[in-house]
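Worksheet: one structure, shown below.
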Amino acid sequence: MGADEDSRWMRLAIEKAVERGRDPALSPIGAVIVRDGAAIAVERNHTEEQCDPTAHAEIAAIRAAGAAIGDMELRGATLYSTLQPCGMCTMAAIWSKVGRVVYGAGRDDVHRMYFEDRHIDTLSFIRDAWRDDIVFEGGLLRAECAALYYGPEDSVPAEEQGNI
């Protein structure tokens, strides 16, 4: 896929992410899964509404894409996410067999509260996976995506820092 197509799909992920609002406390993460030039899933975080800590945008998109195509394997698909996927979502991408993951803001672009660990870089999951056919690319529309979240140096109220 070319840069223009990648940007198009990331903008759709951003649009979905802010469906409930642009408040960074909402963790407005959006995800789109594209295969054969068509979006097969467009999702956002549903953790609060569903009282489900696994209802991340990427997980919701993987579930919806599998249901849409009738297969748990998403070979040949690209997963777009407004934020670098966490460990759970990275492993789900590996297990679902997407071929490519493209994310906007990286872990260093946002407050640490958006990640569940101190020292584990989820990109190492990809390097250590048995699969050697998955590609992770970060930084697409980085500034636009990072603007959705608290910044690394922002003073975030303790009650909003679920992972810390």
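Using the Karplus relation 6.51 cos²θ - 1.76 cosθ + 1.60 with θ = phi - 60°, the per-residue 3J(HN,Hα) values for segment 43-55 come to 9, 9, 4, 10, 4, 5, 5, 9, 6, 9, x, 9, 7 Hz, with x marking Gly and Pro. For the chain, modelled as a GNM whose springs connect Cα atoms under 10 angstrom apart, the maximal fluctuation among Glu137, Glu49, Glu19 occurs at Glu49. With both residues required to sit in the chain, DSSP beta bridges show an antiparallel share near 55%. In the chain, Cα pairs under 8 Å separated by at least six residues give a relative contact order of 21 percent.
Taking the chain as a Gaussian network of alpha-carbon nodes connected by springs under 10 Å, the highest mean-square fluctuation of the residues Cys86, Cys51, Cys145 belongs to Cys51.
In this structure, the amide hydrogen of Ala39, modeled 1.01 Å from its nitrogen in the peptide plane, lies closer than 5 angstrom to no residue at least 5 positions away or on a different chain. For Rg and Dmax of the Cα atoms in Å, which listed value, [x] 15.3, 50; [y] 14.7, 44; [z] 22.0, 84, comes from the coordinates shown? Read-out taken from this structure: [y]. Shown here for segment 38-87: trypsin sites (Lys or Arg not before Pro) in loop regions (DSSP other than H, G, I, E, B) with at most 11 other Cβ atoms within 10 Å, namely Arg75. The 3J(HN,Hα) values that the Karplus relation (6.51, -1.76, 1.60; θ = phi - 60°) gives for segment 92-97 are, in residue order, 4, 4, 4, 5, 7, 6 Hz. Gly and Pro appear as x.
FYI, it's all coordinate maths here, none of it is from the lab. The structure presented is a predicted model; accordingly, all values stated were derived computationally and were not measured. Virtual Cβ from ideal backbone geometry, glycine too; neighbours counted across all protein chains shown.
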